[in-house]
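Undergrad: Before I ask anything, here is the structure I am working with.
The values are calculated or read from the model by the stated rules, or taken from the named source; none is laboratory data. Remember, it's a predicted structure, so these values are computed and weren't measured experimentally. Here Cβ is always computed from backbone atoms with ideal geometry, including for glycine, and neighbour counts include all displayed protein chains. Just so you know, the surface numbers come from the protein's heavy atoms only, side chains and all, with ligands and any DNA or RNA stripped out. Shrake-Rupley method; radii C 1.70, N 1.55, O 1.52, S 1.80 Å.
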Amino acid sequence: TAWRARGCTVVLFDRGAVAGVDVRGSAPGTRETDLLNPINTVEQVNGILLTGGSAFGLDAATGVMRYLEAHGQGFHIGSIVVPIVPAAVLYDLSVGDPKIRPDAEAGYTACENATSGTVPEGNVGAGAGATVGKVFGFRYGMKGGLGTASVKVGNSDLIVGAMVAVNAVGDVIDRKTGKILAGARTPDGQGYLDTMAQLMAGATITTRAGANSTIGIVATNAKLNKTQATKVAQMAQDGFARMINPSHSMMDGDTIFAVSTGTSAAAVDLTTIGAIAAEVMAHAVSRGVLMATSIPNYPAHRDMVKS
């Protein structure tokens, strides 16, 4: 299929789900995240949106709301149904035509295309225009993408999964080998600068503030309340820190939603769920760059391996 400059990804919850959020980067773009504060009234969400297009892309959430309203899903206030759709956006307007952005129609279409089957990875949805390794400018960057991962916990029916659009200013590192999977390239484009080595040697950051962000969702069937979901989202941010260096920077809007469907009757140890969420998120981050394919001016990990 033809490459599209950017897109959006939506996760829908037919029966609603408890959710929390943790915003760790200093340049976030979000919608309805205040609702997820444990002190606030709404207890469940009906969908969560991850989108490209910078703040313009948050318009896609309107389409998600329209789809859910048509299906009678949302917060009931008398005869009115108000769908609850928190969202987070990444900046990818430097890729392709900046006038092409996810809009309400894109959000609605994403809902129509939603599936309970295998989720495509790489240059799809919110990962379509994602890039990484831009501390020293976009011309040194590489292709990021959408990644997923999940794990079944022991002999129980507990499942923890993650989905992430990897659009970091920093390099993505293989935590087992310490080698760079995708990141800032050397001027000849054939190797890696090693962003942290350059910064520790006194190099100057030259990228624009707020032009990045890695955004994701961790989901579990464990039964959690909003406070517990918020803690899981907080712990899952460690998955970013294990794979992306630097992460949670002034130039990123790193955001993770944590969602509980509550369908498992297994006993919940919150520390275990949060720790596994971080591990699963780390794996999803690696998948985001490993499954990406090159676009004009941004080679992918697989291209660097072949070279």
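Undergrad: The conditions are (1) farther than 25 Å from A241 by Cα; (2) among the β-branched types (V, I, T); (3) surrounded by fewer than 19 Cβ atoms within 10 Å (Cβ to Cβ), and T33 fails exactly one of them. Which is it?
TA: The one condition T33 does not meet is (1).
Undergrad: Looking at segment 36-55, which of its residues are touching a strand residue (DSSP E or B) at 6+ places or on another chain (Cβ under 8 Å) and not β-branched (V, I, T)?
TA: L36, P38, E43, Q44, N46, G47, L49, L50, G52, G53, S54, A55
Undergrad: Is it true that some residue in segment 55-65 is more than 21 Å from I215 (Cβ to Cβ) and at pLDDT 95 or above?
TA: no
Undergrad: State whether one or more residues within segment 135-142 are modelled with pLDDT under 95 and closer than 14 Å to R6 by Cβ.
TA: No; the residues of segment 135-142 include none that is modelled with pLDDT under 95 and closer than 14 Å to R6 by Cβ.
Undergrad: Sort through A236, A267, A258 and tell me the only one that's more than 25 Å from D303 (Cα to Cα), open to solvent by 70 Å² or more (accessible area, probe 1.4 Å) and among the hydrophobic types (A, V, I, L, M, F, W, C).
TA: A267
Undergrad: Is there a residue in segment 228-248 that is in a strand (DSSP E or B) and touching a strand residue (DSSP E or B) at 6+ places or on another chain (Cβ under 9 Å)?
TA: Yes, segment 228-248 has at least one match.
Undergrad: Can you tell me which residue within segment 68-96, out of those that are under 22 Å from the mean Cα position of the chain (by Cα) and open to solvent by 20 Å² or more (accessible area, probe 1.4 Å), is farthest from T30 (Cα to Cα)?
TA: Restricting to residues being under 22 Å from the mean Cα position of the chain (by Cα) and open to solvent by 20 Å² or more (accessible area, probe 1.4 Å), the top hit is G96.
Undergrad: Same structure, new question: Of the residues N212, N225, only one is more than 17 Å from the chain's Cα centre (by Cα) and in contact (Cβ under 8 Å) with a residue 40 or more places away in the chain; which?
TA: Only one candidate passes the filter, namely N225.
Undergrad: With the structure loaded, tell me whether A27 is open to solvent by 20 Å² or more (accessible area, probe 1.4 Å) and either assigned to a helix (DSSP H, G or I) or within 18 Å of Q234 (Cα to Cα) (or both) or whether it fails that test.
TA: yes
Undergrad: Looking only at segment 68-90, decide whether some residue is under 29 Å from G183 (Cβ atoms), out of contact with any strand residue (DSSP E or B) (no Cβ under 6 Å at 6 or more places or on another chain) and in contact (Cβ under 8 Å) with a residue 60 or more places away in the chain.
TA: No; the residues of segment 68-90 include none that is under 29 Å from G183 (Cβ atoms), out of contact with any strand residue (DSSP E or B) (no Cβ under 6 Å at 6 or more places or on another chain) and in contact (Cβ under 8 Å) with a residue 60 or more places away in the chain.
Undergrad: Restricting to segment 56-67, name every residue that is touching a strand residue (DSSP E or B) at 6+ places or on another chain (Cβ under 6 Å) and either among the β-branched types (V, I, T) or more than 29 Å from N225 (Cβ to Cβ) (or both).
TA: Once the filter is applied, which keeps residues that are touching a strand residue (DSSP E or B) at 6+ places or on another chain (Cβ under 6 Å) and either among the β-branched types (V, I, T) or more than 29 Å from N225 (Cβ to Cβ) (or both), segment 56-67 yields G57, V64.
Undergrad: A further question on this structure: Quickly run through segment 46-64 and pick out the residues that are of a type in the set (A, V, I, L, M, F, W, C) and crowded, with 24+ Cβ neighbours inside 10 Å.
TA: Hits for segment 46-64 are I48, L49, L50, A60, A61, V64.
Undergrad: Continuing with the same structure: Would you say F56 is under 20 Å from A126 (Cα atoms) and out of contact with any helix residue (DSSP H, G or I) (no Cβ under 7 Å at 6 or more places or on another chain)?
TA: yes
Undergrad: L58: assigned to a loop (DSSP other than H, G, I, E, B) and touching a Ser or Thr at 6+ places or on another chain (Cβ under 9 Å), yes or no?
TA: no
Undergrad: Let me ask another. Name the single residue, out of those in segment 69-112 being among the polar types (S, T, N, Q) and modelled with pLDDT under 95, that is farthest from M163 (Cα to Cα).
TA: S79
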